[in-house]
1. I need the trypsin sites (Lys or Arg not before Pro) found in region 1-101, filtered to DSSP loop residues with at most 10 other beta carbons within 10 Å of theirs.
2. In percent, what relative contact order does the chain have, based on Cα pairs under 8 Å that are 6 or more apart in sequence?
3. So what's the gap between the Cα centers of region 1-38 and region 66-102, to the nearest angstrom?
4. For the pairs Lys100/Lys245; Lys28/Lys184; Lys184/Lys216, note any where the Cα-Cα span goes beyond 31 Å.
5. Taking only complete DSSP H runs, can you tell me which helices of the chain stretch 20 Å or more along their own long axis by Cα positions and average at least 0.5 on the Kyte-Doolittle scale?
6. Could you tell me the relative contact order of region 8-157? Use alpha-carbon pairs under 8 Å, at least six residues apart, and round to a whole percent.
7. If you take the square roots of the eigenvalues of the alpha-carbon gyration tensor of region 4-265 and sort them as a ≥ b ≥ c, do you get rounded (a/c under 1.5), prolate (a/b over b/c) or oblate?
8. Considering only Thr203, Thr176, Thr63, give the residue with the highest GNM mean-square fluctuation for the chain, with springs between Cα atoms whenever their separation is below 10 Å.
Amino acid sequence: MLSPAELERYARHIVMREIGGAGQQKLKKARVLVIGAGGLGAPVLQYLAAAGIGTLGIVDDDTVSLSNLQRQVIHDTDQLGEPKVASAAEAIARLNPNVKVEPHPTRIAGHNAISLISGYDFVVDGSDNFDTRYLVSDACFFAEKPLITAAVGQFDGSITTLRPFEDNKDGEANPTYRCLFPQKPRDGLLPTCAEAGVLGALTGIVGAMQAMEVIKEVTGTGDSLVGRMMMFDARAFRMETIRYKWSPKNPLNGISRKNWSEMLEDT
């Protein structure tokens, strides 16, 4: 049940026909795991906390540095050197004390991916490297957890939602991340954020989009981004959407969750 204070806090949601009291209850019951408390994770955490997500898990093994503050707006100058999971938890407590925060001050890897992800209803990937994106998407596939994943460059961003453990309305299997990106770029091919830079406000735009997709997925509102990737060009302020499908060449075909879990634990 929502308390009187919560009814007032979420009043602008509750009066919406698409959300209402029932949708707000779903948000309160939801458990969402956010991978990374950085440029994308910061706005995701802020907006999901404000929206009343009941439990937010945060996975990050980094500490707050001065160069983070240009875009990682959940942290502030007084928290330099503090673990990002702790800094983010403090900010969430100030914003909405009704939200339970579960900090995971670790790096998601093969040995812990399945166990971390399995404890949540939805996963948001705000990581900044392809190794983590492939790992998280594979783990969500075998743990059967919806994944909202996004990436940003200097002036561009992309976002999609993955539910490959389900079929679409036509009875076809939903695609995986590997259907969209079959080959992981080789190391060093693409510059890192530190090397190329990134526009701070861009991470806020794309991170807010991720939070919006989580709210839609939790409440069953609107059209999902499953099978669609939205691309945003900040310089032209233009958005485009591409569609993609399950690929028969998907390397996950024929691999059981047990076998994949054993492979993950060895990495």
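We did not get these values from a lab; they are worked out from the coordinates using the rules stated. Only a predicted model underlies this, so the values are computations on that prediction, with no experimental measurement involved. Cβ sites come from the backbone with ideal geometry, for glycine too, and all protein chains shown count toward neighbours.
1. Answer by residue number: Arg17.
2. RCO, the chain: 20 percent.
3. 21 Å
4. Lys100/Lys245; Lys28/Lys184
5. Going by DSSP H runs, the hits are 200-219.
6. 24 percent
7. It comes out rounded by the Cα gyration axes.
8. Among Thr203, Thr176, Thr63, the largest GNM mean-square fluctuation belongs to Thr63.
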